[in-house]
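The values are calculated or read from the model by the stated rules, or taken from the named source; none is laboratory data. All values reported here derive from a predicted model rather than from experimental measurement. All Cβ positions, glycine included, derive from the backbone under ideal geometry; neighbour counts span all protein chains shown. Please note that ligands, DNA and RNA were not included when accessible areas were found on the heavy atoms of the full protein model with its side chains. Shrake-Rupley method; radii C 1.70, N 1.55, O 1.52, S 1.80 Å.
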Amino acid sequence: MPTPARISPSATGSTNPPSAGGGSRILIGYATRTGTYGTSADAAAHFTTADLSVGAAVVDGIGHSDALHTLVPHVAVTAARIAAVSGAPAGLLTGGGMMSTADVDGARPNAVAVVAHARPGSPTTICWTGDSRASGWDGVRLTAYTVDQTVATYLLEAGVAEEIAAGFRSRLKGSLAEVVPETASKVLIPAGQLVILTSDGIHDQVLADVMEALVHQHQDDPQALAEALVAAAAADGTGYRDDATAIVLHPGSGLHPGH
């Protein structure tokens, strides 16, 4: 089994060697920062195949426990590798299968996740469960392509006032332990866009206009962008700051405004 690509608190990394074929390839940046709890339940991984297909996953563990902290990095690595070879839905569902059964001691860790499959010149397939997110940047605007699987989303779709629904943002209607093909959400991000995968420690704690400004500033440097997004995640009014993780997939050539 390969060593899980667990990123230590405040660590960053980028693996973008030249393409073996000399052509354009997807450039990848990632970063993570442990929250105020002290031990991170986030994990991220990416894998590029010989034909330049990329699988990437951000997994956000629910709660904190030794069993969760041990399992989540393995889930991220497995989901990313399976996604690169067999597609984003397969990556997400395989990760879900790793969390679907309690162990002999009764522990049943759970998480939410967003998984991507990308290939140069093609749309990026996103598959997710829970409130991890994927966004796309076309060089002009930042677009959220995922919709949180939460009670708040359900209430808003039912016409409940936003100020009431907001109180249910942390109530999940989807997670890896329960995901099946029918509940795994899927969307395509157009070819040529920069793709950003985030745990809620970023998109819940970084204002949308701040996030967009950071993307505009660092759109040509995926590693710098991942680091900036993680660094921008601030503590809330109580001093709590969640684990924050981002993976950035740059198309490796010019962005395509308006696609």
Pairs where the first residue, in the range 24-44, is farther than 13 Å from T245 by Cα and the second is aromatic (F, W, Y) and surrounded by fewer than 24 Cβ atoms within 10 Å (Cβ to Cβ), C-beta under 8 Å, 6+ apart:
T36/Y240
In the range 62-79, which residues are in contact with a helix residue (DSSP H, G or I) (Cβ under 7 Å, 6 or more places away or on another chain) and touching a residue at least 60 places away in the same chain (Cβ under 8 Å)?
V75
Being farther than 18 Å from L27 by Cα and not basic (K, R) narrows A79, A57 down to just A79
Would you mind finding the one in G258, G174 that is modelled with pLDDT under 95 and either farther than 30 Å from A107 by Cα or exposed (fewer than 14 other Cβ atoms within 10 Å of the Cβ) (or both)?
G258
For the range 204-230, what are the residues that are open to solvent by 30 Å² or more (accessible area, probe 1.4 Å) and of a type in the set (S, T, N, Q)?
Q205, Q217, Q219
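This table checks each residue for (1) small (G, A, S); (2) farther than 27 Å from T39 by Cβ.
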| residue | (1), (2) |
| --- | --- |
| H64 | no, no |
| M98 | no, no |
| G121 | yes, yes |
| G130 | yes, no |
| V140 | no, yes |
| T150 | no, no |
Part of a loop (DSSP other than H, G, I, E, B), under 17 Å from G55 (Cβ atoms), touching a residue at least 24 places away in the same chain (Cβ under 8 Å) and among the hydroxyl-bearing types (S, T, Y) - does that describe any residue in the range 98-108?
no
Residue that is farthest from L93 (Cα to Cα), among those in the range 59-71 that are aliphatic (A, V, I, L, M) and at pLDDT below 95:
A67
Would you mind telling me which numbered condition in (1) open to solvent by less than 50 Å² (accessible area, probe 1.4 Å); (2) within 14 Å of A56 (Cβ to Cβ); (3) among the aliphatic types (A, V, I, L, M); (4) over 16 Å from the mean Cα position of the chain (by Cα) V85 fails?
(1)
Let me confirm something: among A20, A50, A11, which residue is modelled with pLDDT under 85, more than 19 Å from the chain's Cα centre (by Cα) and more than 23 Å from V179 (Cβ to Cβ)?
A20
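Okay, residues lined up against (1) at pLDDT 95 or above; (2) in a helix (DSSP H, G or I):
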residue: G38; (1), (2): no, no
residue: A57; (1), (2): yes, no
residue: A84; (1), (2): yes, yes
residue: G91; (1), (2): yes, yes
residue: V115; (1), (2): yes, no
residue: A134; (1), (2): yes, no
Could you tell me whether D138 is acidic (D, E), crowded, with 24+ Cβ neighbours inside 10 Å and touching a Gly at 6+ places or on another chain (Cβ under 9 Å)?
no
Complete set of residues in the range 188-203 that are crowded, with 17+ Cβ neighbours inside 10 Å and either closer than 16 Å to D42 by Cα or not polar (S, T, N, Q) (or both):
I189, G192, L194, V195, I196, L197, T198, S199, D200, G201, I202, H203
Condition check for D236: touching a Leu at 6+ places or on another chain (Cβ under 9 Å) and open to solvent by 60 Å² or more (accessible area, probe 1.4 Å)
no
Can you give me the number of residues within the range 119-139 that are out of contact with any helix residue (DSSP H, G or I) (no Cβ under 9 Å at 6 or more places or on another chain) and of a type in the set (A, V, I, L, M)?
1
